[in-house]
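Only one structure is covered here, and it is reproduced in the block below.
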Amino acid sequence: MVIAPEEQWWRKSTVYQVYPKSFKDTSGNGTGDIKGLIGKLDYLQELGIDIVWLQPIYVSPQNDNGYDVADYRRIDPNFGTMEDFEELMKELKKRGMHLMTDIVVNHSSTEHQWFQEAKKSKENPYRNYYIWRDPAPDGGVPNNWQSKFGGSAWQFEETTGQYFLTLFDKTQADLNWEYEKVRQEVADLMIFWAEKGVKGFRMDVINLISKDQNFPDDDGSIAPGDGRKFYTDGSRVHEYIKELYAKVFGPYNLVTVGEMSSTTLEHCIRYSNPQEKEFSMTFNFHHLKVDYKNGQKWELKPYDFEELKGLFSKWQTGMQRAGGWNALFWNNHDQPRALSRFANDGEYRSESAKMLATTLHGLQGTPYVYQGEEIGMPNPDWHDISEFNDIESTNMYQILQERGLTSVEALAVIRERSRDNSRTPMQWDDTENAGFTNGKPWLKLDGRYREINIQREQANADSILSHYKKLIQLRKQESVITEGLFKRLDNQHPEVFAYARITDAETLIVVSNFSSEQTAFTFAEDFWITRAEGRDTELLIGNTRETPSWGKTLELMPYASYMWIIR
Ligand code: GLC
C-alpha cells in the first residue's frame, strides 16, 4: 500500500503526553498551566519530541480532571487564557513541533450549556443531544448497565422524570451520536481548534459513541457483564468516524489517535488502516490488563509475562498484516506506572526503565511517552486514602469495602491500581515541591523526588533521559524500526522478551530480560543461520555498563536490554 509521504511523517515521530494539571505551575495556585508548558518546550524539543499531546484544558468543573467538558471552545482559567494558548501554538511552531489536543465527545459535563438546556423539558431543542429513557416499570433504572467508575450508568433527572445515560461519572452525560446535530457540533468544535493550528487530535473513549438503540439488559454471558458489549465498537461507530474524517481529519491533514476501550484487533485495523479514512492510529489496553485477576481491574495478581508478550505479538503482527497502525505506550494518566508494575522501581530502577523503553520503542507504531516516564518516575508512596484525588479511586475505595474488603485491604488495591499513581506532579529538580509549584501542589508528590528529577537526569550522560533521547532519534534514523516485519524470537522464554524487525536489507533485534535474575538467551538455529551468522552487527542501544558480547547465546544481567542491527 502506498501512502503519500506527507501523511507518513508521524510514523517516525514520538508523542509526548502532557497532563497539564501536574506538569508545571507558574501561577502558584498548585496546579500546572499553559505558561508552565511553554516554559518547558525547550526541554521537550531537546528530547526529540515532534508532537505534544495536551490533555483537556477546556472549561470544566474538573470532576474528572477535565474529561468533563463544560465548554469546548474556552480555556479553563485554571490553565490560563486563550492568549496563552495562542502563545503556545506560536512557540511550538518556532520549534517545528505540533500540538495534539484531547477531544472528549462521548460525553460532556452536565454543566455544559447543552445539558443545562436539555434537562429543562422534553421539548427543549437540546433534549436530543443526550440519551434519555423512561424509568423501568418499577420506577428503577432503565437497564442494568454499569458506569465505568462504579454504580449504575443511569442518573435520574427530577424535572422531566427520566433517566440520562452516564457511562463514566454521574456528571459526564453521554452525548447522543444518533442525532445528526450532535455530530455536526463535534465536527464544528474540532474545526475551531484545527483553525487555531492544532495538528492532531486524541479522541477520548471514541469507540463507545454508538450505542445499541434497544438498550438491552446485559445477561452477563460475556465478562464483565456490565453492558459494554452493547456500546463498545457499536454498529455505527465506523460510519461516524468516517464522517469526521471527511469533514475534519482529511481536509486539515491531521494526525489522529482514537482511544479504544475494550476493543478488538479487527476493529482497530479498520479504525487505523489509511484506506479506511478513519484514524491515523489507535490505543488499545489489552497489554495493560495482564495483571487483572479474572479480568477485573480491582482484583490484584502478579502480571502474566507470557500473556503480555503474546499480546504485543498479536497486535504487532495483526496490525502489520492488515495495514493498521498502533499507538505504542506503557504509561498514561489512567495507568499506574509501568516501571512499578512490570519491572523494578527500586534497586534496578534505571535498568528497568531503560529496558521497558527499549522493548517498546523497537516495535512498529508511534510511541507515546507519558510525562515522568523518561526519568523513571515510579508509583508514589501512598499512606492514606485521603491522599487520593481521583474520582474513580475514591468511588472504588467505598465499593470495595461494600464488597467485603477491610479498609486496609481496599487501600492496598487502590495503591496499586489508582490512576493517581501517574498523576502526581512532575519532578523537575530537588527544590521544594520538585520545582513544580511555589504553592501547595493539588496532589502530593512522590517522596523520592530529591533523587528522581529532571535536573539530576540531565547532569548524567548515562541517564534514563538520555536513553529515551537516543531511542527517539533511532526511530528517525533507522527505517527498519518503522517498516520491519515483526517476528517474535523468544519461544516462551520465562524471563526474556525477544523479537526481530525484518526488512530485505536489515534485521533489528531487541532482547530484554524482564527479571531481576541473570539469565541467558539463545537464538533459534534457523533464525541464527538465515539472519545473523557471519554478518555485521552493530549495537544500537543497551542499558549495561559493559557491552554484551554478541553471539548465538547471550548472557543477560538483571533487566538487561539491547537493540542490535544487522545489515
Ligand atoms: C478516558 C480518559 C480518562 C477519563 C475517561 C472518561 O479513558 O483517558 O481519564 O476518565 O476517558 O472521559
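Computed extension gain for residue 528 through residue 275, at 0.36 nm per residue and net of the alpha carbon distance, reaches 87.4 nm.
In terms of its C-alpha gyration tensor, the range 484-566 comes out prolate, because a/c is 1.5 or above and the ratio a/b outweighs b/c.
Comparing 241, 281, 210 along the charge dipole axis of the range 190-349, the residue lying farthest to the positive side is 281, per the Cβ-charge model.
Mean residue ellipticity, 222 nm, helices only, the chain: the sum of -39500 (n - 2.57) across DSSP H runs of n ≥ 4, divided by residue count and rounded to 500, is -7500 deg cm²/dmol. The C-alpha atoms of the chain define a longest principal axis, and helix 464-477 lies at about 90 degrees to it. Rolling a 1.4 Å probe over the heavy atoms of the protein chains gives the range 233-329 an accessible area of 37 Å² per residue. In straight-distance terms, cross-link reach from residue 293 covers every one of the aspartates and glutamates whose alpha-carbon lies under 17 Å from its own, apart from those fewer than eight places away in the same chain; here that gives 226, 304, 306, 307, 409, 416. Within the accessible area of the range 110-174, the carbon and sulfur atoms contribute 47%, probe 1.4 Å, all protein chains present. Partner lysines whose Cα lies under 18 Å from the Cα of residue 90, excluding those fewer than 8 positions away in the same chain, are identified as 35, 40, 196, 199.
Between residue 87 and residue 407, the modelled label-to-label distance comes to 4.5 nm, taking each label 7 Å out from Cα in the direction of the beta carbon.
In whole angstrom, the chain maps to an equivalent ellipsoid with semi-axes of 38, 26, 25, each derived as √(5λ) from the alpha carbon gyration tensor and ordered largest first. The packing ranking of peptides 38-48, 115-125, 311-321, 270-280, highest mean first, is 270-280, 311-321, 38-48, 115-125, where packing means the average number of other beta carbon atoms within 10 angstrom of each residue.
Relative protection proxy for 520-527, 443-450, from highest mean packing down: 443-450, 520-527 (other beta-carbon atoms within 10 angstrom).
When the solvent-accessible area of the range 191-281 is split by element, carbon and sulfur atoms take up 49 percent of it, the probe being 1.4 Å.
Remark: relative contact order (the chain) = 13 percent; criterion is Cα-Cα distance under 8 angstrom and separation of 6 or more residues. In the range 110-174, the ratio of gyration radius to Kirkwood radius, Rg to Rh, stands at 0.95 when only Cα atoms are counted. Computed over protein heavy atoms with a 1.4 angstrom probe, the accessible surface ordering of 292, 16, largest first, is 292, 16.
Residue separation of residue 459 and residue 117 scaled by 0.36 nm, minus their Cα-Cα distance, works out to 117.6 nm of gained length. Dividing the mean sequence gap of close Cα pairs (under 8 Å, 6+ apart) by how many residues the range 484-566 holds gives a relative contact order of 34 percent. Using only side-chain charges placed at the Cβ, +1 for Lys and Arg and -1 for Asp and Glu, the dipole size of the chain relative to its Cα centre rounds to 920 debye. Legend: distances between Cα atoms for 181/242; 120/181; 277/470; 229/314; pairs beyond 24 Å are 277/470.
In debye, nearest 20, what is the charge dipole magnitude of the range 118-169 about its Cα centre with +1 on Lys and Arg Cβ and -1 on Asp and Glu Cβ, if you could check? Roughly 180 debye, rounded to the nearest 20. When only the Cβ of Lys, Arg, Asp and Glu is charged (+1, +1, -1, -1), the dipole of the range 484-566 relative to its Cα centre reaches about 160 debye.
Solvent exposure of the range 110-174 amounts to 44 Å² per residue of accessible area, where only protein heavy atoms count and the probe is 1.4 Å.
Here the Karplus curve 6.51 cos²θ - 1.76 cosθ + 1.60, taken at θ = phi - 60°, turns the phi angles of the range 552-567 into couplings of 5, 10, 10, 8, 10, 6, x, 6, 5, 7, 9, 10, 10, 10, 10, 10 Hz, with x standing for Gly and Pro. Scanning residues 5 or more positions from residue 556 or on other chains, those with amide H under 5 Å from its amide H are 519, 520, 521, with H placed 1.01 Å from N in the peptide plane.
The values are calculated or read from the model by the stated rules, or taken from the named source; none is laboratory data. All values derive from a computational prediction rather than experimental measurement. Heads up, the Cβs are rebuilt from the backbone with ideal geometry, glycines too, and the neighbour counts pull from every protein chain shown. Side chains included, ligands, DNA and RNA excluded: accessible areas come from the protein's heavy atoms. Shrake-Rupley method; radii C 1.70, N 1.55, O 1.52, S 1.80 Å.
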